[in-house]
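Structure, as C-alpha cells:
The values are calculated or read from the model by the stated rules, or taken from the named source; none is laboratory data. Predicted, not measured: the structure shown is a model, and the values here were computed from it. Heads up, the Cβs are rebuilt from the backbone with ideal geometry, glycines too, and the neighbour counts pull from every protein chain shown.
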Amino acid sequence: MAIEDTGFVDRVVIITGAGSGIGRAAALAFARAGAHVLGVGRRQDALDSTAEQHPGIAVLATDISAAEAPDAVVQAAVDRWGGVDVLVNNAGATAMMPLAEATENRINDLFRLNVTAPSLLARAALPHLRRTNGSIINVSSTFGHRPAPHFSHYAATKSALEQLTRSWALELAPDGIRVNAVAPGPTESEALTAAGLPTDLVDQVKKAEAERIPLGRRGEPEEVATWILRLADPAAGWLTGQVLTVDGGLELL
C-alpha cells in the first residue's frame, strides 16, 4: 500500500509483539505507509532485526505484562513523537493446556499477557487517542470464537479480547476512538515453538492445520498485517466494534 493512499504519514503507531510474525509484518506495513512506529517486545535482538528493515521503526524491549510497562511504553512514544494515533495490541502467548494439566499460575500468566496487558496499554494510551481520534486494533484468533480442545484457556483469552473490542468500541465512540480486531487463523510465526512444543510436533500441527483450511495453507504474517493497516486507516472512519476473521475460510467449517 503506497504512502499516498493512506492517512498514516507522520502518525504514531505502537505495536506490541513486534519482534516476529504478525507484529513485525504490521510494524513494517505501517512504517512503509509513512507512520512513526514504536515496536515493543521482550527480545531486544528480535526487535533490532525488525528495526533494521525500516528507518521509521524505533523499538523498546520490555515485558508488557510488568506493572510499570503500559505507562512506560506509551510515554516512550509520546516523548519521541508527541502523541499516539494507533495502538496495535498484538503481543500474546499461545498455550497448549489440557484441562487435566491446568494450573493457577499458568492460567493467570496467560490472562495477564493476553487480556490484562492489552487493557492497561489501552488505558495508558487513552488520553492521547482522545486527542487524535485514534484507533485501537486488537489481535485475536480464530479460536476467539470457536472451540479448541487442549487450547481452551488460550481460546478463552482471545474470546475475552473480542468482547473487550466490542465493549470498548461502544464506550469510546463518543471520544471518536475506533476499536476493531483481526482474528487470524493459523499463521506462520514462532508461536507454536514459543508455546513449548517440540519441533516434530510443531511440524505435525502445521501440517494438520493446513489440511483443515479450505484455502489449503497456513497464512503469512503480511496477509494479516494488511488488514490491521486497513482497519486502522482513517479512511475506515465509520467502522468500529468489528472482529475481522482472516483465516483462509477455517471458521466456515
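Laid out as a table, the results:
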quantity: Pairs, first under 26 Å from residue 223 (Cβ atoms) in segment 170-182, second small (Gly, Ala, Ser) and part of a strand (DSSP E or B), C-beta under 6 Å, six or more apart; calculated: 178/135
quantity: Qualifying position, being among the charged types (D, E, K, R), in contact (Cβ under 8 Å) with a residue 24 or more places away in the chain and either closer than 20 Å to residue 229 by Cβ or not in a strand (DSSP E or B) (or both), among 48, 10, 79; calculated: 10
quantity: Some residue of segment 40-60 being of a type in the set (A, V, I, L, M, F, W, C), surrounded by fewer than 17 Cβ atoms within 10 Å (Cβ to Cβ), over 19 Å from residue 119 (Cβ atoms) and under 17 Å from the mean Cα position of the chain (by Cα); calculated: no
quantity: Candidate set: segment 176-188, residues that are at negative phi and in a loop (DSSP other than H, G, I, E, B); chosen: the one modelled with the lowest pLDDT; calculated: 188
quantity: Neighbours by Cβ (under 6 Å, 6+ apart or cross-chain): first from segment 22-36, surrounded by fewer than 24 Cβ atoms within 10 Å (Cβ to Cβ); second part of a loop (DSSP other than H, G, I, E, B) and among the hydrophobic types (A, V, I, L, M, F, W, C); calculated: 33/1; 33/8; 34/8; 34/9
quantity: Unmet requirement for residue 172, which otherwise passes all of (1) surrounded by 19 or more Cβ atoms within 10 Å (Cβ to Cβ); (2) within 14 Å of the chain's Cα centre (by Cα); (3) at pLDDT 95 or above; calculated: (2)
quantity: Residue among 69, 95, 100, 148 that is at pLDDT below 95 and surrounded by fewer than 20 Cβ atoms within 10 Å (Cβ to Cβ); calculated: 148
quantity: Test: residue in segment 128-141 that is of a type in the set (S, T, N, Q), under 24 Å from residue 219 (Cα atoms) and touching a Ser or Thr at 6+ places or on another chain (Cβ under 6 Å); calculated: yes
